[in-house]
1. Which residues' amide hydrogens lie under 5 Å from the amide hydrogen of residue 91, considering only partners 5 or more residues apart or on another chain, with H built in the peptide plane?
2. Give me the percent of accessible area attributable to carbon and sulfur for segment 23-157, probe 1.4 angstrom.
3. Please get the size of the charge dipole for segment 30-82, origin at its Cα centre, with Cβ charges of +1 on Lys and Arg and -1 on Asp and Glu, quoted in debye to the nearest 20.
4. How much accessible area does residue 82 have with a 1.4 Å probe, in Å² rounded to the nearest 10?
5. Over the Cα atoms, compute the radius of gyration (one decimal) and Dmax (the largest Cα-Cα distance, rounded to a whole number) for segment 108-160, in Å.
6. Do the sum for the chain: with -39,500 (n - 2.57) for every DSSP H run of n ≥ 4, divided by all residues, what is the mean residue ellipticity at 222 nm, to the nearest 500 deg cm²/dmol?
7. Restricted to Cα positions, what overall size does segment 1-100 have along the principal axes? Three whole-Å values, descending.
8. Where Rh is the Kirkwood radius over the Cα pairs of the chain, the temperature 20 °C and the viscosity 1.002 mPa s, what D in µm²/s does Stokes-Einstein return?
Amino acid sequence: NAFCVHDGDAKVLDPACGSGSFLVRAYYLKKLLAPGKPHAELLAELFGCDIALYPAHLATLNLAAREITNERNYPCIARKDFFDVQPGKPFCTTPGTDPHTVVGVSLPALDAVVGNPPYVRQEKLGRELKDKLGKLLREAWPDLALSGRSDFHCYFWPAAARFLREGGHFGFL
């Protein structure tokens, strides 16, 4: 986070957020860099995605717990396959100001992408998933050629980079 999040207004994504450790650290770094920034604004600039239900719930709770007195306490965590996230399409939903509405939240141009994507051997991915990922990356990066022997984490790099603004920062373990 320290290499990627340089100011309190940074918009940050963890595309495989698990329980939200990178996002919580980004929250505190942003709070340090912009001490007067309200909790709801900090949350609105942090985005996480996880395909698994339980980790996505944990990430939501871990971010919301940073300030439990705030009524507008809705982290932008999507429980979905990150490779289904499309620029300009809703990333997740949060409750609206009316208790019976939800608001679609799209990813803005990001200042930072951080995280620790899953490292899964290519032999365990299967042809259908490799074809899906290859098609997605060819559409976003026509000159990119990953071999069919690339481990899963290799697909996260270019897929996440398509959301970075010019001059944004990227940091994966």
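The values are calculated or read from the model by the stated rules, or taken from the named source; none is laboratory data. Keep in mind the model is a prediction, meaning the values are calculated, not measured. Because the Cβ atoms are built from the backbone with ideal geometry, glycine has one as well, and the counts that use them run over all protein chains shown. These area figures cover heavy atoms from the full protein model, side chains too; ligands, DNA and RNA do not enter into them. Shrake-Rupley method; radii C 1.70, N 1.55, O 1.52, S 1.80 Å.
1. 105, 106, 107
2. Roughly 57 percent of what the probe reaches on segment 23-157 is carbon or sulfur.
3. So the magnitude is around 100 debye.
4. 10 Å²
5. Looking at segment 108-160, its Cα Rg and Dmax stand at 11.6, 34 Å.
6. -9500 deg cm²/dmol
7. Taking max minus min along each principal axis of the Cα atoms, segment 1-100 gives 35, 34, 26 Å.
8. Result for D is 129 µm²/s.
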